[in-house]
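See below for the structure under consideration.
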Amino acid sequence: MRVQVLTIFPELFAPFLATSLVGRAIEKGLLEVRVHDLRSFTEDRHRSVDDEPYGGGGGMVMTAPPWIRAVRAVSEEGEERPWRVLLSPQGARLDEAKVRELGEKSELVLLCGRYEGIDERVRLTVVDEEVSIGDYVLSGGELPAMVLIEALSRQVPGVVKLADSVANDSFRAGLLDYPHYTRPPVVEELAVPEVLTSGDHAAIRRWRQREALRATLAKRPDLLGSEALARLTPEQRRVIDQVWGQVRDEARRDEK
Ligand code: 4HQ
């Protein structure tokens, strides 16, 4: 998969792209990320990318021409026309389903705006989709682009070790993760749940399923809506039926 990024702060991306899982994915050639400085697509002496808003009001707006030139130029580099995503609070919320959908594109162009935003005609002419990472206001689309790249990198075959993807199964099923423990066996008088040291792998699986359900019910019950339930496997639904009442009673008890 190839991702191209358009930004006035390309230097923000260097350490991110060189580090950890994303760094290794790029090193191995599983992921290609090219970061372009929007200013190199300006044509005036001052390389300006912003201007005052029509209609007045505070702040500055990014002008359309450099964006349109930049998107068209980087779109022509590959074989197919890339899918062009604008990071903005007006977009559809990024979730794991959206990450999977975007991960199916062979090439993406990510537009990272700054200031009060980008001239609307950019969205109208060269953007396929707007994506938001959440309902809060940031100063630019660069962190959202990195969030998206990191989530996408995990979907590229060979990037995440098999053990990790198996551990992720519960989230993929639309549930929160189960609690994790490692050495030492006792921390602040809290022992590791016995089942995890029992060697009984079936019992460990059941415990993790149950804890994932319990955490979801207690912390994010919205994830257990009807569409989420419909996506569960028959086995997971059986587990839900078994522990539902028990877990719900415990959650209610914890609330008090
Ligand atoms: N932005 N999710 C860029 C965001 C944002 C978000 C605010 C994007 C400023 C110029 N982007 N504009 N939340 O807050 O994606």
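Derivation of every value follows stated rules applied to the coordinates shown; laboratory data play no part. Since we're looking at a predicted model, the values are computed, not measured. In this analysis, Cβ positions are derived from the backbone assuming ideal geometry, glycine residues included, and neighbour counts consider all displayed protein chains.
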| Alpha carbon convex hull of the stretch 12-115, volume per residue in cubic angstrom | 148 Å³
| message | From Cα pairs below 8 angstrom and at least 6 apart in sequence, can you work out the relative contact order of the chain, rounded to a whole percent? | response | 18 percent
| note | Computed from every Cα-Cα pair in the chain, P(r) in 10 Å bins starting at 0 and rounded to whole percents is 6, 24, 26, 20, 14, 8, 1, 0
| If we count GluC sites (Glu not before Pro) as exposed when they sit in a DSSP loop and have at most 14 other beta carbons within 10 Å, what is the longest stretch of the chain that avoids them all? | 117-187
| task | Can you grab the distance from the C-alpha centre of the stretch 84-98 to the C-alpha centre of the stretch 1-46, Å, no decimals? | result | 19 Å
| query | Given Cα pairs under 8 Å that are at least 6 residues apart, what percent is the relative contact order of the stretch 1-110? | reply | 32 percent
| Charge dipole of the stretch 1-135 about the Cα centre (unit charges at C-beta), most positive-ward option of Ala18, Ala97, Pro82 | Ala18
| Using the alpha-carbon atoms, what tilt in degrees (0 to 90, nearest 10) does helix 64-75 show relative to the longest principal axis of the chain? | 60 degrees
| Rounded tilt (10° steps) of 201-219 against the dominant C-alpha axis of the chain | 60 degrees
| task | For n ≥ 4 DSSP H runs only, could you compute -39500 (n - 2.57) per run for the chain, divide by its residues and tell me the 222 nm figure to the nearest 500? | result | -12500 deg cm²/dmol
